[in-house]
Amino acid sequence: MNITGSNSVSTQAAAVPKQESANALGKDAFLKILVTQMKNQNPMEPLKDTEFIGQMAQFSSLEQLTNINTAMTQFIGTQSNSSLTDYADLIGNTIYWEQQVNGKLESGEGTVRALSLKNGEMQVELENDVKVPLDAINRIEKP
């Protein structure tokens, strides 16, 4: 029976630094449960190494998933906040576009005159007064 080995492990687990983020509560709660389990284990039947390693792997996975979630949330936030200035270099270029309108495929080309934001959707205004959604563009050419 190796009681000192399990105490040293719980001390190491308690020394894991906390990160200041909104999702840190999930990681902290998991770590607290793990440390409490280690402190209150039966000395006659200590936690097996494989069980402890499995729980630490779960903790590591939880931490990495939390970090990925944070990074993806930031990435999506920056991608969805596009502004007119992000696409200003399209002005003066010739675009080719294709889109479905009422089940009918429409396509065309034109020179970009301006950009506009309508109902949260970025639109390209062509010289022939046609307005095309940004996602309908399939080719851009410099004059």
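Any read-out appearing in this document is the output of simple, stated calculations on the displayed coordinates, not a laboratory observation. The shown structure was predicted, so the numbers you read here are calculated from the model rather than taken from an experiment. Cβ atoms come from the backbone with ideal geometry, glycine included; neighbour counts cover every protein chain shown.
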Length gained if Ile91 through Phe75 is fully extended, taking 0.36 nm per residue and subtracting the Cα-Cα distance, is 3.1 nm
When we measure straight from the Cα of Lys27, which aspartates and glutamates land under 12 angstrom away, once same-chain ones fewer than 8 places off are left out? Glu63
Shape verdict for region 84-141, please, from the Cα gyration tensor: rounded (a/c under 1.5), prolate (a/b greater than b/c) or oblate. oblate
Taking 0.36 nm per intervening residue step and subtracting the Cα-Cα distance, what contour gain separates Ala114 from Leu65 on full extension? 13.5 nm
With r defined as the distance between the Cβ atoms of Lys104 and Asn138 and R0 fixed at 25 Å, what FRET efficiency is calculated, to the nearest 0.05? 0.90
